[in-house]
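First the structure, in the form of structure tokens, and then the observations on it.
The values are calculated or read from the model by the stated rules, or taken from the named source; none is laboratory data. Just so it is clear, the model here is predicted, and its values are computed rather than measured. Reconstructed Cβ throughout: ideal geometry from the backbone, glycine too, with neighbour counts over all protein chains shown. Just the protein is used for accessible areas: all its heavy atoms, side chains included, with ligands, DNA and RNA removed. Shrake-Rupley method; radii C 1.70, N 1.55, O 1.52, S 1.80 Å.
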Amino acid sequence: MRLLFNLLVAIIIAAAVGFGSALMVLDRERIFGAVTRGAWTAWPALGSPSADPYSRAELARSGTVPLGSGEGIAFLADSDDSGAPLSGRCDYRVAGQTPPARLWTLTAEDGEGNLYETPARRSGFNSREILRREDGSFTITVAADVAPGNWLPVAGDGPIRLTLRLYDTPLTSSGIGEAALPTIERGSCR
């Protein structure tokens, strides 16, 4: 009887540790295969058949559909270039150029991954509507208050995530380390 009890306890502990560790890994966002360039992070294999099983499970659980390897690549930024977390209480300057792509988009999302609902009814920019300098570079102000030029409004005081998607780009996972991505600089905070 004692042996049966010990076996039952061992099975319960093993199941709890196994399921608990799997849930812990799945609650983290795609931890394997990340490539970082400045404040931006991408997972180039995420939309390909070579994606790791944990990322696949997290995608299946969340219902997120990544860009396929032939479609493009998405870069996420939760912090500025100094490493400070992006916050709705601060203004940010996203400046520079993007790697070559047929089209790119930049969106701002809240901490839950939802696009902002703002009176300006703008949740992002794309490469065809942006105001640029003569050299092709641009500056986008990400702020709650109206700003001249390319203004991307955000709402609330919570965390911000910026997502830069490059569509139909020759950029590959081996070339991300040398890619010129826009900088993210914090301005004033309230």
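Okay, here's what the table says:
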quantity: Where a residue in region 131-150 is in a loop (DSSP other than H, G, I, E, B) and its partner, wherever it lies, is aromatic (Phe, Trp, Tyr), with Cβ under 8 Å and at least six apart; calculated: Leu131/Phe138; Arg132/Phe138
quantity: Which listed residue is basic (Lys, Arg), open to solvent by 30 Å² or more (accessible area, probe 1.4 Å), closer than 16 Å to Arg161 by Cβ and modelled with pLDDT of 70 or more, from Arg89, Arg28, Arg121; calculated: Arg89
quantity: So Glu129, is it among the acidic types (Asp, Glu) and more than 17 Å from the chain's Cα centre (by Cα); calculated: yes
quantity: Residue under evaluation Thr107, criteria (1) out of contact with any helix residue (DSSP H, G or I) (no Cβ under 9 Å at 6 or more places or on another chain); (2) touching a residue at least 40 places away in the same chain (Cβ under 8 Å); (3) surrounded by fewer than 17 Cβ atoms within 10 Å (Cβ to Cβ), criterion not met; calculated: (3)
quantity: Some residue of region 162-169 being within 28 Å of Pro44 (Cα to Cα), in contact with a strand residue (DSSP E or B) (Cβ under 7 Å, 6 or more places away or on another chain), open to solvent by less than 40 Å² (accessible area, probe 1.4 Å) and at pLDDT below 90; calculated: yes
